[in-house]
Amino acid sequence: MRFRLRWATFLAAVASAFFALAAQPVEPYPKVFYVTYPSLDAARPLTVAGQLRIPADAQGKVPAVVIIHGSAGVDSRGGYYAQALNKAGIATLEIDMWAPRGFLGGAAGRPKSVPETLPDAYGALKFLASQPVIDPGRIGIMGFSWGGVVSMLTATKPYTEKYLGTQLKFAAHAPFYPVCWVYNRVPSYEFAAFTGAPVFIQAGELDTYDTPETCPKLVASLPASVQQFISAKVYPGATHAWDRLEPAIKVQDPFSHLGKGGEVEFVPNPEVAAQSLEALVQFFKQAFGLK
């Protein structure tokens, strides 16, 4: 008798938990497509692949964000931010720039310079602008480290007009830890003559590619008229790549330590990652005019 009572109590508890869980609202999963498109490098035509995610409840034309990976290639960061952007009603296209070039990632497994990969980003913009469900006037770009540099350089007129003329441009740029020391110091990394689209830089205090002041000083060095649409936020206690879900690692990179080269730590920081996620979503919602 006691066994039957205990079993009945257990089943009742399980049923209660099940119905409580079933009663909770379920987040609609985005529509996911695996797509390809041509890079815009006429000298070296490549086909780039990516994951396109459209919000499940999308109505009419929706804004979109191109997600650009870092030197290691596609990892946990893209999906982390894509999920939040999709929930906010923003489509995402995360691309893989290494596969069509035969690279596996890392300092020794990437192209020689970031400008080589700009045609991939502009190709993604052109591809998205051609999709009936995407608003071509509300397409942004974000990226991590190498991808952060891409996100910075695509905010300039010379590169934008080189690949797209004057008819199309990114509407907003959100670079993560984009190696701020390099701009206006190394040829082909000129950060000037802007398209006018807003740029929001997020960096870490303990990022040894730069110093804690490097990104804010870069913004402060720009004309006052430019500072109205370009800003930087530095997170205390955050290293480079604080938003990776993978275990902490140390890498060697010749671009680190203000170009002197050396070791860089990537240490996950969930608290800062949550802050940067919220800041990113708010930036794009404001840029796209979303409530």
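What follows draws every value from the coordinates through simple rules; no lab data is involved. Everything quoted here is computed from the prediction, not taken from an experiment. Cβ sites come from the backbone with ideal geometry, for glycine too, and all protein chains shown count toward neighbours.
A cut-off under 15 angstrom between Cβ atoms defines the neighbours of Gly137, and their net charge, with Lys, Arg +1 and Asp, Glu -1, is +3.
Scanning the chain for long hydrophobic helices, with DSSP H runs required to stretch 18 angstrom or more by C-alpha along their axis and to average at least -0.5 on the Kyte-Doolittle scale, returns 2-23, 270-288. Tell me, Kirkwood radius of segment 27-288 from alpha-carbon pair distances, in Å? That comes to 18.2 Å for segment 27-288.
Over the Cα atoms of segment 238-280, each weighted equally, I'd like the Debye log10 I(q)/I(0) at q = 0.21, 0.22 Å⁻¹, rounded to two decimals. Those come out to -0.68, -0.72, one per q.
Find out how many positive minus negative residues lie around Lys157, taking Lys and Arg as positive, Asp and Glu as negative, among other residues whose Cβ is under 12 Å from that of Lys157. Residues near Lys157 contribute 0 overall. Computed extension length for Thr36-Ser76: 12.3 nm, one decimal, from 0.36 nm per residue of separation with the Cα-Cα distance subtracted. Sorting the segments 143-154, 67-78 by their mean number of nearby beta carbons within 10 angstrom, highest to lowest, gives 143-154, 67-78. For segment 88-105, putting each phi into the Karplus relation 6.51 cos²θ - 1.76 cosθ + 1.60 with θ = phi - 60° gives couplings of 7, x, 10, 6, 9, 10, 9, 10, 10, 8, 7, 4, x, 9, x, 9, 10, x Hz, in residue order, rounded to whole numbers and with x for Gly and Pro. Amide hydrogen proximity for Ala91: with H placed 1.01 Å from N in the peptide plane, the residues at 5 or more positions away or on another chain lying under 5 Å are Ala64, Val65.
Starting from a Cα-only point model with no solvent, please compute log10 I(q)/I(0) by Debye for segment 71-202 at q = 0.15, 0.17, 0.21 1/Å. Result of the Debye calculation: -0.71, -0.93, -1.44. Expected output is a single nm value to one decimal: the length gained when fully extending between Val251 and Lys233, i.e. 0.36 nm times separation in residues minus the C-alpha distance. What is it? Working it through step by step, the gained length comes to 4.1 nm. Between the amide H of Tyr235 and those of Ala203, Gly204, Glu205, distances stay under 5 Å, these residues lying 5 or more places away or on another chain, with hydrogens modeled in the peptide plane.
The label point for Glu116 and the one for Val226, both projected 7 Å from the Cα toward the Cβ, are 2.7 nm apart.
The loop-placed GluC sites (Glu not before Pro) in segment 221-291, going by DSSP, include none that has at most 16 neighbouring Cβ atoms within 10 Å of its Cβ.
With helices as the sole contributors, the chain gives -10000 deg cm²/dmol at 222 nm; each DSSP H run of n ≥ 4 counts as -39500 (n - 2.57), and the sum is divided by every residue.
Quick one: which residues, 5 or more positions from Thr156 or on another chain, have an amide H under 5 Å from its amide H? H modelled 1.01 Å from N in the peptide plane, none for Pro or chain starts. Long-range HN contacts for Thr156: Thr195.
Using θ = phi - 60° in the Karplus curve 6.51 cos²θ - 1.76 cosθ + 1.60, the 3J(HN,Hα) couplings for segment 182-196 round to 6, 6, 6, 10, 10, x, 6, 10, 6, 10, 7, 6, 7, 6, x Hz; x is entered for Gly and Pro.
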